[in-house]
Amino acid sequence: MTELTRTALASGASAEDGGSWLTTLADWTVSLMDTIGPAGAAIAVGMDNLFPPIPSEVVLPMAGLAASRGSFTLAEAILWTTFGSVFGAYILYFLGRWLGADRLRRIADRMPLVTGDDVVRSVQWFEKHGSIAVFFGRMVPLFRSLISIPAGVARMHWWKFGLLTTAGSLIWNSIFVMAGFLLGENWHIVEQYAEIFQTIVIVVVVALIVWFVVSRVRSARRERRSGGAGAPEPTVEGP
C-alpha cells in the first residue's frame, strides 16, 4: 500500500466514522491511480458518468490529492479527468442517438401518465436550449450524466456536444481537483459541502416528479369527467 493510499484511507475513515462505501470508493480510486497513473482517474470519472450514484465529488478530489503527493502533475489530473468525463458522456450521447425520438415516442405511448407528445415537446425544447442545458448540466449532480442522452436523442452535432461537454466538465473538474490538491489529507471536506448541493438537487427533482404525476392524474380525471358529462343519455322507449 502506497503512502497516498494510506493517507486517503486514514482521512476517509476518520471522516466517515470507521469507513463506509465512500471510503471503499476512495480506496478503489486511489488504487487505480497508483497502478496506472492519471489514466486511473479518467476511468473512475468515466464510470461516474455512466453510473450516477458514483459521486465525482469524491473521485475528483482524490485525483487532486494524488497530484499533491507527486503521483502526477496537477495539469495531468485535470486533463485526464476531463477526458474521462467526455468519454463517458459520449457513450450516453450515442445511446440517445441509437434510441432516437421515434423509438422513445413509441415507448412513451405505452407508459402511464406520459405520451409520445411529451417526447416531441422535449426534443423541441432541447433543440432550442440544448447548448445551455449541456454546458451547465455538466455542473449539476445527476444531470451531469443524464443530459447526454437527450442530446443524442435530439441529434445535436457530435462536435458541438463535445465542445460544450468539454468546457463544462473542465470547469467542474478543475474546481474539485484543485480542492483536493489544496486540501490534501482533508479532501473529504469537499464531499461534505458537495453532498449538501446534491441533496438540494435531489429534493428539487423529486418535487418536480411529484408535481408532474399529480398534474397528470388530475388532468386524466378531468378528461374522464368531461367525457362522461358529454356522452348522450340513453333514450327510454315507451311500451
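The values are calculated or read from the model by the stated rules, or taken from the named source; none is laboratory data. For clarity, every value in this text was computed on a predicted model and none was experimentally measured. When we count neighbours, we look across all protein chains shown, and the Cβ atoms used for this are built from the backbone with ideal geometry, even at glycine.
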Checklist outcome for this item: Exactly one of Asp27, Asp102, Asp34 is charged (D, E, K, R) and closer than 30 Å to Arg155 by Cβ, and that one is Asp102
Checklist entry - Which residue pairs have Cβ atoms closer than 9 Å, lie 6 or more positions apart in sequence or on different chains, and pair a first residue in the range 26-43 that is under 16 Å from Gly64 (Cβ atoms) and in contact (Cβ under 8 Å) with a residue 40 or more places away in the chain with a second residue that is buried (at least 16 other Cβ atoms within 10 Å of the Cβ) and β-branched (Val, Ile, Thr)? => result Pro38/Thr81; Ala41/Thr29; Ala41/Val59; Ala41/Thr81; Ala41/Val177; Ala42/Thr81; Ala42/Thr82
Checklist entry - Just checking, how many residues over the range 153-174 are free of Cβ contacts under 8 Å to residues at least 24 places away in the same chain and part of a helix (DSSP H, G or I)? => result 2
Checklist entry - Considering Pro150, Pro61, Pro55, Pro112, which residue is within 24 Å of Trp172 (Cβ to Cβ) and free of Cβ contacts under 8 Å to residues at least 60 places away in the same chain? => result Pro150
Checklist entry - Among (1) surrounded by 18 or more Cβ atoms within 10 Å (Cβ to Cβ); (2) more than 30 Å from Arg221 (Cα to Cα); (3) of a type outside the set (Val, Ile, Thr), where does Ala75 come up short? => result (1)
Checklist entry - What number goes with the only condition from (1) more than 20 Å from Phe51 (Cβ to Cβ); (2) among the hydrophobic types (A, V, I, L, M, F, W, C); (3) in a helix (DSSP H, G or I); (4) in contact with a helix residue (DSSP H, G or I) (Cβ under 7 Å, 6 or more places away or on another chain) that Phe72 does not pass? => result (3)
Checklist entry - Is it the case that Thr73 is within 13 Å of Met178 (Cα to Cα) and without any contact (Cβ under 8 Å) to a residue 24 or more places away in the chain? => result yes
Checklist entry - How many residues does the range 84-124 contain that are in contact with a Pro (Cβ under 9 Å, 6 or more places away or on another chain) and within 26 Å of Asp48 (Cβ to Cβ)? => result 2
Checklist entry - When you scan the range 96-143, how many residues do you find that are more than 29 Å from Ser219 (Cα to Cα) and modelled with pLDDT of 85 or more? => result 11
Next on the checklist: Can you tell me which of (1) farther than 17 Å from Gly184 by Cα; (2) out of contact with any Gly (no Cβ under 7 Å at 6 or more places or on another chain) is the one Arg69 doesn't meet?
Outcome noted: (1)
Item to check | Breaking point among (1) of a type outside the set (D, E, K, R); (2) in a helix (DSSP H, G or I); (3) closer than 18 Å to Asp48 by Cβ, for Ala133 | outcome: (3)
Checklist entry - Is it the case that the range 183-194 has a residue that's surrounded by fewer than 19 Cβ atoms within 10 Å (Cβ to Cβ), in contact with a Ser or Thr (Cβ under 7 Å, 6 or more places away or on another chain), modelled with pLDDT of 80 or more and of a type outside the set (Gly, Ala, Ser)? => result no
Item to check | Some residue of the range 28-40 being among the aromatic types (Phe, Trp, Tyr) and modelled with pLDDT of 70 or more | outcome: yes
Checklist entry - Is the range 84-92 home to any residue that is among the aromatic types (Phe, Trp, Tyr), touching a helix residue (DSSP H, G or I) at 6+ places or on another chain (Cβ under 6 Å) and either over 18 Å from Ile43 (Cβ atoms) or not in a helix (DSSP H, G or I) (or both)? => result no
Item to check | Residue check for Ala67: surrounded by fewer than 17 Cβ atoms within 10 Å (Cβ to Cβ) and either in a helix (DSSP H, G or I) or modelled with pLDDT under 85 (or both) | outcome: no
